[in-house]
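Asker: The structure's right below; bear with me while I get my questions together.
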Amino acid sequence: SPQAILAAQRRGEDVETSKKWAAGQNKQHFITKNTAKLDRETEELHHDRVPLEVGKVIQQGRQSKGMTQKDLATKINEKPQVIADYESGRAIPNNQVMGKIERAIGLKLRGKDIGKPLETGPKGK
């Protein structure tokens, strides 16, 4: 208890405390194994980034729908910085985010037909 810790400190005893990382917080996004790799990133060993071609398609699709980066981010439940990173080519591609952006702007961002309209067919279940 906090009182026991204070009492031990007053007596001059050694007290070891450790803080748990993100304890008591509602963390939805967790750190992946790639974080350490990103820290050691060099020019010859680096993570793939979103191609600039894809960033331009996102930007054009967003503008054709009359949306700002903030509007698009709100629509796909991401932060506006995520959209900015994807458009500038700084983001590491995430298939979930790419899929959400594709559906929001109606253009393909993955595969061979980048920039083509998204085919909306019936979902197979």
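The values are calculated or read from the model by the stated rules, or taken from the named source; none is laboratory data. Note that the coordinates shown come from a computational prediction; the quantities given were computed from them, not determined experimentally. Counting neighbours? That spans all protein chains shown, and the Cβs are built from the backbone with ideal geometry, glycine included. The area values use the complete protein model at the heavy-atom level, side chains included, leaving out ligands, DNA and RNA. Shrake-Rupley method; radii C 1.70, N 1.55, O 1.52, S 1.80 Å.
Asker: Cα gyration tensor of segment 50-115, axes a ≥ b ≥ c as square roots of the eigenvalues: rounded (a/c below 1.5), prolate (a/b > b/c) or oblate?
Answerer: rounded
Asker: While we're here: Any chance you could run the full-extension gain for K70 through L6? It's 0.36 nm times the residue separation minus the Cα-Cα distance, nm to one decimal.
Answerer: 18.3 nm
Asker: Oh, and also: Sequence-distant or interchain residues sharing an amide H contact under 5 Å with L118, placed H: which?
Answerer: Residues meeting the amide H criterion: L107, K108.
Asker: Still on this structure, please answer the following. Kindly count the pairs of lysines across segment 50-115 whose alpha carbons are less than 18 Å apart, treating pairs on different chains or eight or more residues apart as eligible.
Answerer: Going through segment 50-115 pair by pair, I get 14.
Asker: Expected output is a single nm value to one decimal: the length gained when fully extending between D113 and Q81, i.e. 0.36 nm times separation in residues minus the C-alpha distance. What is it?
Answerer: 8.9 nm
Asker: Assuming 0.36 nm per residue, please report the length gained on full extension of the stretch D48 to V15 beyond their Cα-Cα distance.
Answerer: 7.3 nm
Asker: Using the Cα centre of segment 50-115 as the reference point, and only Cβ charges (+1 on K/R, -1 on D/E), how large is the resulting charge dipole? Debye, rounded to the nearest 20.
Answerer: In debye, rounded to 20, segment 50-115 gives about 120.
Asker: Could you please report the charge total around E102, scoring K, R as +1 and D, E as -1 over all other residues with beta-carbon less than 10 angstrom from its beta-carbon?
Answerer: +4
Asker: Work through the residues other than L118 whose Cβ is under 11 Å from its Cβ and net out their charges, Lys, Arg +1 and Asp, Glu -1.
Answerer: Computed value for this residue: +1.
Asker: Here is a further query. Give me the net charge for the shell around A8: Cβ to Cβ below 11 angstrom, other residues only, Lys and Arg +1, Asp and Glu -1.
Answerer: Taking every Cβ under 11 Å from that of A8, the sum is -1.
Asker: If you roll a 1.4 angstrom probe over the protein chains with everything in place, what fraction of the accessible area of segment 50-115 belongs to carbon and sulfur, to the nearest %?
Answerer: 47 percent
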